[in-house]
1. Any chance you could look up the accessible area of residue A:93 with a 1.4 Å probe, heavy atoms only, rounded to 10 Å²?
2. Measuring from a point 7 Å out along Cα→Cβ, what nm distances, shortest first, does residue B:32 have to its partners in the other copies?
3. Per residue, how much accessible surface does segment A:23-124 expose to a 1.4 Å probe? Answer in Å², no decimals.
4. In square angstrom and rounded to 100, what buried accessible area do you get between chains B and A, total over both, with the probe at 1.4 Å?
5. Solvent-accessible area of residue B:71, probe 1.4 Å, all protein chains present, reported in Å² to the nearest ten, please.
6. How far is residue A:99 from itself in the other copies, in nm, if each label sits 7 Å out from Cα along the Cα-Cβ line, shortest first?
7. Using a label point 7 angstrom from Cα along Cα-to-C-beta, what distances in nm, from shortest up, separate residue B:76 from the other copies?
8. Pairs of alpha-carbon atoms within less than 8 angstrom and 6+ residues apart define the contacts here; what relative contact order does segment B:26-124 have, in percent?
There are 2 protein chains.
Amino acid sequence: MSNTEALPLIESESDAVVPCCPPLTERPFSAEEAETAARMFKALGDPVRLRLFTAVASHEGGEACVCDISDVGVSQPTVSHHLKKLREAGLLTSERRGTWVYYRVEPSVLAAMGKLLTIAPVAA
Amino acid sequence: MSNTEALPLIESESDAVVPCCPPLTERPFSAEEAETAARMFKALGDPVRLRLFTAVASHEGGEACVCDISDVGVSQPTVSHHLKKLREAGLLTSERRGTWVYYRVEPSVLAAMGKLLTIAPVAA
């Protein structure tokens with residue numbers, strides 16, 4: 001098996017998580033809101049995923065090839081597994097161009113997470 | 001055993017997580033930064049914990065008694081377990097006053113998470 005074939009060959013974009021929720025400090029979340037938001041937080045709740053995510057997010061042009069970001073001290077299958085989890089959570093999208101798969105951060109999801117962490121005034 | 005004794009009777013504040021990291025989009029995280037930030041995200045990566053956290057964060061005065069926030073459809077021991085996890089992650093602090101334990105959101109951690117999700121300009 002060639003190196004290329006070992007990559008996660010996913011050509012279509014994932015179904016992005018729809019921004020769901022008010023700031024964490026605004027009101028208690030409903031069960032449904034909590035499910036959606038927890039999915040995003042959980043995806044970033046692993047050190048290897050977080051290193052991969054920041055590597056993609058900070059890469060030139062906002063996207064990165066797997067070949068650019070695999071230097072996180074785990075095996076290539078593990079890298080592929082974590083990239084898949086980030087895609088499933090809607091945090092990354094992927095596109096195959098020629099030999100390589102390129103990953104890009106989904107800006108709408110980052111914006112939604114930023115909104116979650118907006119600090120609302122504390123109720124008096 | 002009385003109802004009160006079943007509560008998590010923790011009187012001292014937890015060791016808050018020290019804000020650690022630049023925005024997610026600024027540069028790849030080191031292993032150490034990823035460990036710290038992933039701990040915070042993981043703590044919020046569970047729907048029940050997220051409902052408890054938002055219930056505390058949005059409660060009058062920014063703090064809540066366990067008696068105020070237990071209505072999340074799980075047993076009291078499960079509520080206690082998740083509140084402990086949130087404390088261990090440094091997201092909540094707790095204080096016993098009289099009969100009840102009061103929980104409060106750790107503002108410095110929220111601010112640190114807000115910083116993580118600041119969207120830095122994408123490198124050209």
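1. 10 Å²
2. Listed shortest first, these distances are 4.5 nm.
3. 42 Å²
4. Buried surface at the B/A interface: approximately 3000 Å².
5. Accessible area, nearest 10 Å²: 130 Å².
6. Reported distances to equivalent positions: 7.2 nm.
7. 5.6
8. 27 percent
The values are calculated or read from the model by the stated rules, or taken from the named source; none is laboratory data. Owing to the predicted nature of the structure, the values given are computational and were not obtained by experimental measurement. Heads up, the Cβs are rebuilt from the backbone with ideal geometry, glycines too, and the neighbour counts pull from every protein chain shown. Accessible surface areas use protein heavy atoms only, side chains included; no ligands, DNA or RNA. Shrake-Rupley method; radii C 1.70, N 1.55, O 1.52, S 1.80 Å.
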